[in-house]
Every structure is written in C-alpha cells, then in structure tokens.
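Written out below as structure tokens is the structure these notes cover.
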Amino acid sequence: MDSDSNPPLEEAYEMLLSKTRTSNEQSGFDDDQLLVVEMTELPVISVSHLAESDEGRREECKSEIAKASQEWGFFQIVNHGISNDVFSGLRVEQEKIFKQPFEKKSRENKFFNFSADRYRWGAPTATCIRQLSWSEAFHIPLTDILGSNESNTFSSTIEDFATQVSILAKTFADILAEKMGQKCSFFQENCLPSSCYIRLNRYPPCPLPSEVHGLMPHTDTAFITILNQDHVGGLQILKDGKWIAVKPNPDALVIIIGDLFQAWSNGVYKSLEHRVVTNPKLERFSMAYFFCPSDDTVIESCTENSEYRNFSFGEYRQEVRDDVQKLGYKIGLPKFLIRRGAT
C-alpha cells in the first residue's frame, strides 16, 4: 500500500515510544502476556443444521451455539449461506477505501458518503505504550449504507454483507435467549438496523511488533459481533488467564459475545477479553458487524439475583467513552456490578 495512504502512526507515537526507551518503562506486553498458547481453532459450528427438517439436528446445533457462548464467548460458523463472492468483493472494496491518501481519508468523503468522523486511526487517548493501537478503521452506521441513495460498488457490497449478517446475528440472539428459557421479542424490537454498525479494520505492517498492539486488549460492547477476517491472523483471546491465538479459517465467520449479552444473561454467556497483535511484514484486514440496541434500551438481566444493575445502552457507552478519555482504556461491566452487602 502506498506510504501516503498510511496514517502517521510512527510520528504520532514517537514521544511515547521514546519515553519507553529512555525510562525503561514497561513495553506494551508484559512477559506473561507474550506467552501464547499454541494457535487454536475455535469451536466450529455448521449453522446449516438450523434449517434442517430434523428437529433433533436443529436443537443439537442450538445447544452447540449456547455451549460455545458459555465456555468460550467465541465460536466460528461455517455453511452460513454467505457466498465467497461477497467476501472477495469485500476485500477488494476494503483495499480500495484504505488505499486512499491519508489526508483524503481523514476528511469528509463524498464518494463513499462518509463524514470525517467515520475514519479513525491509532489510539488518540493513549497515555502509555501498552494502550497504543497500530491500526486504522472506518466506523459505519448501517444507516449510512442501508437505503442510501449512493449507487456504487462499495455501498452495494457492504449492504449485501450487512443484510445477511444482520439476519445471522438476530438468529443467534434468539437462540441464546431461548436457551435461557426466554421466549421474547426483545432483540426484534430493540436491535434494529438504525442502531447497528460495521467497522472496517486495517492493521498496517508494524516495525515494533513486540511493543505495540494492533488493537489493545478489550471486550466488545455489543450483544454480538460477527467478524470476517483475512488469512493473516493476529486475533488472540484471553481464556483461563492465557492468551490463545485464533487460527484463521477462510471459510468461517467468528462470532463474539459482547458485554451486553453477558449482563443480559447474568454472566451465563461470556464476553472475553481479546486483542490483535501486529505483524512486521504483512497488513491485515477484517470487517466486524456489531449487533446493538438503541441508546435508550434498558439492559436488565433475564434472571433473578442479577450481578449487574440495570443500565441503558446509552449510559454504558458514555461510561466507556469517559473511561477511555480519562484512563486510555475501557473498564466496562465491572463498573455496573451490584455491590452486595455494601453499607
């Protein structure tokens, strides 16, 4: 990719990186953080079984989805019905939009119908090297894509992907609710296209792969994230105190359980911390769809004796923004725990 298309990450981070080298400040990774268990393939579930006439096979597939959400908070799906042509088209369009000169990406983009704030890069709130992110991204609300008057290959390709993964996300949400004994219309009523969004990610080659994250450790805020990643790899999840490298599967989509589902299920479904590590030679692309409610939607546990207090999605998002601004990182759900027995 042309050098003038890359965000000025080295220049922006030069001061923090210099501080690290001159003061012997700890690098972005603790020694134990560098210890990664062998590359692992997440649970793989063929979701074509959900459409079978055999009720036993359908229920078995639903149980696999619930089990993976409880034990891992991550799983992969295959035979999902989205063609390889869609993913090939996505890659072409992603490269096209990221190949634009940096100065053009960071301004309003009339061709792609994006305002300037849709493009983000690096970690502007970082206060130390461990909070740096060697990446750039476009955050695109579905309202920018669905029903747009723009007629171009980019919009139509993203709309095709968004339409299909929206159906998958709602299907998984309903299955997970059913397995909690909840026959409800909550997700149908609250997680609408107007509140969901897509993030296009690019991780440029990084000259300091042992010092800087591609994306710093975090949990996802949404109910569900559906991730399409390329063959390069770099996604790692923190499970049982160990970082596990996720082996890329070109035929699979990665499903990630987010904070809202952990709170809604009262901790039954797990929102695991994960990160992206950098690569010194290869760039990495991914695309994530976030299944979210509107800001005024109240998140409350579907079971009694909840560990978490009720909160609106807007309140949660604001708390996350405030923490990132003040601290450089997200705290998330721990701030919403009910302190039982407190006086």
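Observations on the model:
- Restricting attention to the stretch 214-239, the residues being in a strand (DSSP E or B) and of a type outside the set (S, T, N, Q) number 12.
- On inspection, LEU272 fails the criterion of being of a type outside the set (Lys, Arg) and surrounded by 19 or more Cβ atoms within 10 Å (Cβ to Cβ).
- Residue in the stretch 277-284 that is of a type in the set (Ser, Thr, Tyr) and modelled with pLDDT of 95 or more present: no
- Every residue from the stretch 197-207 that is touching a helix residue (DSSP H, G or I) at 6+ places or on another chain (Cβ under 8 Å) and either more than 26 Å from LEU132 (Cα to Cα) or surrounded by fewer than 17 Cβ atoms within 10 Å (Cβ to Cβ) (or both): PRO207
- In summary, ASN279 fulfils each of the numbered conditions (1) in contact with a strand residue (DSSP E or B) (Cβ under 8 Å, 6 or more places away or on another chain); (2) under 28 Å from ASP323 (Cα atoms) with the single exception of condition (2).
- Qualifying residue in the stretch 59-66 (condition: basic (Lys, Arg), modelled with pLDDT of 75 or more and either touching a helix residue (DSSP H, G or I) at 6+ places or on another chain (Cβ under 7 Å) or buried (at least 16 other Cβ atoms within 10 Å of the Cβ) (or both)): yes
- Of the residues making up the stretch 124-142, just one is crowded, with 22+ Cβ neighbours inside 10 Å, touching a Cys at 6+ places or on another chain (Cβ under 9 Å) and at pLDDT below 95, namely LEU142.
- Considering residues of the stretch 308-329 that are at pLDDT below 95 and part of a loop (DSSP other than H, G, I, E, B) only, the residue surrounded by the fewest Cβ atoms within 10 Å (Cβ to Cβ): GLY328
- Count - residues of the stretch 275-307 that are of a type in the set (Lys, Arg) and either assigned to a strand (DSSP E or B) or crowded, with 19+ Cβ neighbours inside 10 Å (or both): 2
- TYR269 vs. criteria aromatic (Phe, Trp, Tyr) and in contact with a Pro (Cβ under 6 Å, 6 or more places away or on another chain): no
- Check on GLU41, of a type in the set (D, E, K, R), loosely packed, with under 12 Cβ neighbours inside 10 Å, modelled with pLDDT under 95 and touching a strand residue (DSSP E or B) at 6+ places or on another chain (Cβ under 9 Å): yes
- Annotation note: Cβ proximity below 9 Å between a residue of the stretch 317-343 that is over 26 Å from GLY122 (Cβ atoms) and a residue that is aliphatic (A, V, I, L, M) and modelled with pLDDT of 95 or more (sequence gap 6+ or interchain) occurs for PHE336/ALA263; PHE336/ILE299.
- The listed residues are LEU327, LEU238, and the only one of them that is farther than 29 Å from LEU42 by Cα and of a type in the set (A, V, I, L, M) turns out to be LEU327.
- Scanning the stretch 176-196 for residues that are buried (at least 21 other Cβ atoms within 10 Å of the Cβ) and assigned to a helix (DSSP H, G or I) turns up LEU176, PHE187.
- Residue match in the stretch 167-174 (condition: modelled with pLDDT of 95 or more, crowded, with 16+ Cβ neighbours inside 10 Å, over 19 Å from the mean Cα position of the chain (by Cα) and assigned to a helix (DSSP H, G or I)): yes
The values are calculated or read from the model by the stated rules, or taken from the named source; none is laboratory data. Values in this document were obtained by computation on a predicted structure and should not be read as measured data. Here Cβ is always computed from backbone atoms with ideal geometry, including for glycine, and neighbour counts include all displayed protein chains.
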